[in-house]
Amino acid sequence: MTSSITLYLFGRFDVAAFRAFAESRARLVCIDMTTERMEGHAIVFLLRGAHALVGMFVMACVIGPASCVVSRWREAVA
Amino acid sequence: MLSLNGWVMDERSYAARLAASLLAIPLTIQTDRRAEIFGPTLGDEEGVYGVGLYEILRHFSRLPNVDRAWPEGDSRLVLEWALEALESFAQARRQALGATMPEKAETDAITLIFRMLEDRLSKAFLEGQEWLSGTSVGFIDIAVFPIAGLARDLGLGMDLYPAVRRFVRKVRQLPGFVTMPGIAACH
Amino acid sequence: MIPVALSMDVVFGDIVPVRHEVQELVLWRDEEGMVHGWEDRCPHRGVRLSLGFIRNNRLACLYHGWQFDHEGRCRAIPSHPSLNPPSTIRTENFRVEEKAGLIWIALRNDAKRPLVPPAEGAWHGVRSLAIRATLAALREALVLETGQWRVSSDRLLAVHSPEEEITMVHMAVSDASARVKAAEWLLDLRDSMEEIRC
């Protein structure tokens with residue numbers, strides 16, 4: 001089952017680190033990831049792929065790399 | 001029914017519990033935090049039969065349905081070494097787990113213990129001896145098992161100890177094997 | 001290729017951590033008897049695969065139970081039982097050979113040194129012993145100028161480097177009845193090497 005969602009992340013981000021992390025994770029779980037917004041306090045991804053794999057990606061982002069803090073997040077069906 | 005007063009995180013209590021399970025000795029467990037300092041005790045409604053692991057294991061060896069010999073001669077020396085090693089290991093592990101900052105848990109004394117254990121296990125294997133206690137798993141093996149099984153808590157590089165790894169795997173496969181926190185259940 | 005373990009120390013069901021220089025690896029033997037050597041890191045959250053367990057003829061990670069088959073491909077993710085994991089989820093693998101009673105692994109930086117393990121004859125593993133001495137000191141003691149192994153009469157000696165100050169010496173003999181004596185020799189070697197260090 002394919003999911004298309006928009007993922008909104010708010011917090012404090014090291015943009016370069018988060019971008020590298022997200023790209024690597026998207027490759028690992030084999031989903032399509034498009035970056036809509038990438039700023040120090042807000043990141044927005046458009047995600048498309050198998051439901052479970054998109055879920056894994058979301059989980060990984062919410063935990064995030066060591067230099068970033070996600071204080072708030074939400075998903076919306078794209 | 002025999003009752004063990006022990007503490008789930010205490011390595012000596014674990015050895016007693018493991019012995020009872022491997023030797024099919026019915027045992028109830030009571031939690032007694034004092035075991036952390038003084039080691040476990042064994043008793044029943046009629047009295048106390050053992051204070052500390054040595055006495056507990058010795059009591060087990062005298063039970064009617066237990067066919068494991070109590071080590072004598074050279075084997076007794078090995079058992080005494082094993083019990084002393086377990087005490088040292090328990091202290092070092094307590095320190096490592098209770099430390100507020102990461103510290104080097106592997107002291108020279110600990111390294112020597114693992115070296116000796118690896119030497120003994122390796123020699124036994126080459127000589128075709130299944131267990132440190134002989135042809136069946138026995139009290140010496142039980143006394144050292146917590147050391148081998150919990151080595152990770154001291155950050156030891158287990159790549160250096162192939163015979164210890166083999167020993168851990170063999171014990172895990174025995175019917176009646178039980179774990180304690182720090183020894184993975186699934187393997 | 002780097003000798004990292006004795007064959008007899010990697011039986012089916014064994015999961016063997018190995019360190020060599022900066023590399024951290026895991027070895028395991030499958031039901032068919034083939035040995036696999038991977039980076040000791042689960043692609044999921046980086047936990048050591050050497051802490052894992054064998055399940056369904058695969059190596060499973062202790063953390064979330066992700067199972068990896070003989071090719072290193074993830075085949076099962078317990079939290080998503082009906083998911084067919086994409087082929088992108090896989091371990092970092094190295095070529096492994098089993099020769100002369102030892103397990104040899106080809107690491108990335110090995111390309112310039114295509115050293116070949118000894119192929120002739122039957123060898124019987126004696127012991128893999130950690131000696132607290134540098135590789136340089138062992139090379140001198142064993143008269144092993146280059147390469148990771150040498151044969152002298154009936155003994156095969158091979159080395160790898162788990163730490164800068166610790167060298168693993170693997171020993172095998174061509175005559176099985178000589179194993180016990182060879183092990184004693186190895187202990188003498190350790191005693192003399194470590195005495196020098198003090």
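Readers should treat all values here as calculations from the given coordinates under stated rules, not as data from a laboratory. Just so we're clear, the structure is a prediction, and the values are computed from it rather than from any experiment. Note: ideal-geometry Cβ built from the backbone for every residue, glycine included; neighbour counts use all protein chains shown.
Between B:Val8 and C:Val180, the FRET efficiency estimated from the beta carbon spacing at R0 = 41 angstrom works out to 0.50.
So how do C:77-90, C:155-168, B:107-120 stack up, highest first, on mean other-Cβ count within 10 Å?
Peptide ranking by packing, descending: C:155-168, B:107-120, C:77-90.
What FRET efficiency would be calculated for the residue pair A:Ala20, C:Glu31, taking the C-beta separation as r and a Förster radius of 45 Å, to the nearest 0.05?
0.70
Annotation for C:Glu21 and C:Glu92: the two label points, set 7 Å from Cα along the Cα-Cβ direction, are 1.3 nm apart. What the Cβ-Cβ distance of B:Arg33 and B:Asp67 gives, at R0 = 35 Å and to the nearest 0.05, is a FRET efficiency of 0.55. Defining a contact as two alpha carbons under 8 Å apart and six or more residues distant in sequence, what relative contact order in percent does chain C show? Contact order relative to length: 20 percent. Each other residue within a Cβ distance under 12 Å of B:Arg120 adds +1 if Lys or Arg and -1 if Asp or Glu, for a net charge of -3.
Measuring nothing but alpha carbons in region A:2-77 and taking Rh as the Kirkwood radius, the Rg to Rh ratio lands at 0.92. Projecting label points 7 angstrom from Cα along Cα→Cβ for A:Glu36 and B:Thr135 puts them 7.4 nm apart. For the pair region C:140-198 and region C:38-70, the centres of their Cα atoms are 32 angstrom apart. Counting beta carbons within 10 Å around each of C:Asp188, C:Asp154 and listing the fewest first gives the order C:Asp188, C:Asp154. Per-residue mean of foreign Cβ neighbours for C:122-131 is 4 (Cβ atoms of other chains, 10 Å radius).
Exposure proxy shown here: for C:Trp185, C:Trp104, the number of other Cβ atoms within 10 Å sets the order, fewest to most, as C:Trp185, C:Trp104. Other residues whose C-beta falls under 15 angstrom from the C-beta of C:Ala176 contribute a net charge of +1, scoring Lys and Arg +1 and Asp and Glu -1. The order of B:Thr179, B:Thr41, going from fewest to most other C-beta atoms within 10 Å of their C-beta, is B:Thr179, B:Thr41. Here the gap between A:Arg74 and A:Phe10, fully extended at 0.36 nm per residue and compared with their Cα-Cα distance, gives a gain of 22.1 nm. In region B:2-61, Cα pairs under 8 Å separated by at least six residues give a relative contact order of 39 percent. What the Kirkwood sum gives for chain B is a hydrodynamic radius of 16.8 Å, with every pair of different alpha carbons counted. As a length-normalised measure over Cα pairs under 8 Å and 6 or more apart, the relative contact order of region B:74-172 settles at 33 percent. Which whole-number percent of Cα pairs in the protein assembly as shown have a distance greater than 36 Å? That fraction is 41 percent. A:Ala42 sits among other residues whose Cβ lies under 12 Å from its own Cβ, and their net charge, with Lys and Arg +1 and Asp and Glu -1, is +2.
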